[in-house]
Amino acid sequence: MQGSVKLEVKNSIATIEFYHPQSNSLPSKILEKLASKITDCGNDNNIKIIILRSKGDRAFCAGASFEELSSINNKKEGKSFFMGFANVINAARKCPKLIIGRVQGKAVGGGVGMACAVDYCFATKFASIKLSELAVGIGPFVVGPAVERKSGLSAYSTLSVNATKWFDAIWAKDKGIYSEVFDSNEKMDEAINHLSQNLLNSNPEAMKKLKEVFWEKNKNWDKLLEERAEYSGELVLSDFTKNAIAKFKNK
């Protein structure tokens, strides 16, 4: 039940795939491994391009693990859990390699944050998104900077406030979260392979500098996301949030 994170490197392309039996939800151990794999790939001179994906067909990522959220007993544990999301986003931000996202299905909360933290994101028409945090008494505070960076404040606030609504993949593309949307996994994977092969022929130093330019306005995120994680860790201890999470678990 703990899931997995697997790394495959082929022809200088690293594919990081995560999996959890509960719709690819994200407990702490998965988050820790994801951040570590992204950092390791960034430091490996034999790797030029990174693809981030999840296993399965129609669920990219269900976001935070409700099992783990409901077991948090103090502020320290709360901050530690939400720092898992902060560390993945910051690992992607600091990684000197371009990261391609592959979103084959629905993305919730932290999954949306992950899609926004990559540099170019492919999706299928089944990849609806939702920031459900407010509905369970928290708020998308840690993933918020990544979502706002890609989509702008208006789209981020729309997702945040209307926390029970699914926004379809075309909406997400129009807001800049997805770069391209396809009718099937097969067509999406063809496009991912085509872009990856083209990037292998690009100047590595130019791609590294381009990545720096993409993120040059976000150098304060180590502190910012830690502050957001601390605040989220406090909110998750409230009676309101504990009751809301319990209702979601019992659905």
**Prompt:** (1) buried (at least 18 other Cβ atoms within 10 Å of the Cβ); (2) part of a loop (DSSP other than H, G, I, E, B): which one isn't true of MET188, the others all being true?
**Reply:** (2)
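Residues are listed down the side, and each one gets a yes or a no for (1) of a type in the set (Asp, Glu); (2) touching a residue at least 24 places away in the same chain (Cβ under 8 Å); (3) touching a strand residue (DSSP E or B) at 6+ places or on another chain (Cβ under 6 Å):
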{"residue": "SER196", "(1), (2), (3)": "no, yes, yes"}
{"residue": "SER202", "(1), (2), (3)": "no, no, no"}
{"residue": "TRP215", "(1), (2), (3)": "no, yes, no"}
{"residue": "TRP221", "(1), (2), (3)": "no, yes, no"}
{"residue": "GLU230", "(1), (2), (3)": "yes, yes, no"}
{"residue": "GLY233", "(1), (2), (3)": "no, yes, no"}
**Asked** Of the residues that sit in the range 27-59 and are in a loop (DSSP other than H, G, I, E, B) and in contact with an Asp or Glu (Cβ under 6 Å, 6 or more places away or on another chain), which one is farthest from ILE192 (Cα to Cα)?
**Response** PRO27
**Message:** Given the options LEU199, LEU237, LEU210, name the one that is farther than 19 Å from PHE126 by Cα, outside any helix (DSSP H, G or I) and aliphatic (A, V, I, L, M).
**Reply:** LEU237
**Message:** Anything in the range 14-51 that is surrounded by 20 or more Cβ atoms within 10 Å (Cβ to Cβ), over 16 Å from the mean Cα position of the chain (by Cα), closer than 21 Å to GLN104 by Cα and not small (Gly, Ala, Ser)? List them, or say none.
**Reply:** ILE49
**Message:** Take LEU159 and tell me if it is buried (at least 21 other Cβ atoms within 10 Å of the Cβ) and hydrophobic (A, V, I, L, M, F, W, C).
**Reply:** yes
**Request:** Kindly indicate whether PHE85 is touching a Ser or Thr at 6+ places or on another chain (Cβ under 7 Å) and among the aromatic types (Phe, Trp, Tyr).
**Result:** no
**Message:** If I filter the range 82-120 down to residues being aromatic (Phe, Trp, Tyr) and crowded, with 24+ Cβ neighbours inside 10 Å, which single residue comes out as nearest to ALA59 (Cα to Cα)?
**Reply:** PHE85
**Message:** Tell me yes or no: at least one residue of the range 148-159 is touching a residue at least 40 places away in the same chain (Cβ under 8 Å), part of a helix (DSSP H, G or I), on the phi < 0 side of the Ramachandran plot and of a type in the set (A, V, I, L, M).
**Reply:** yes
**Fill in**
Restricted to the range 121-147 and to residues being in a loop (DSSP other than H, G, I, E, B) and without any contact (Cβ under 8 Å) to a residue 60 or more places away in the chain, the residue surrounded by the most Cβ atoms within 10 Å (Cβ to Cβ) is VAL143
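Any read-out appearing in this document is the output of simple, stated calculations on the displayed coordinates, not a laboratory observation. Computed from a prediction, not measured in an experiment: that's the story for all the values here. Neighbour counts run over all protein chains shown; Cβ positions are idealised from the backbone, glycine included.
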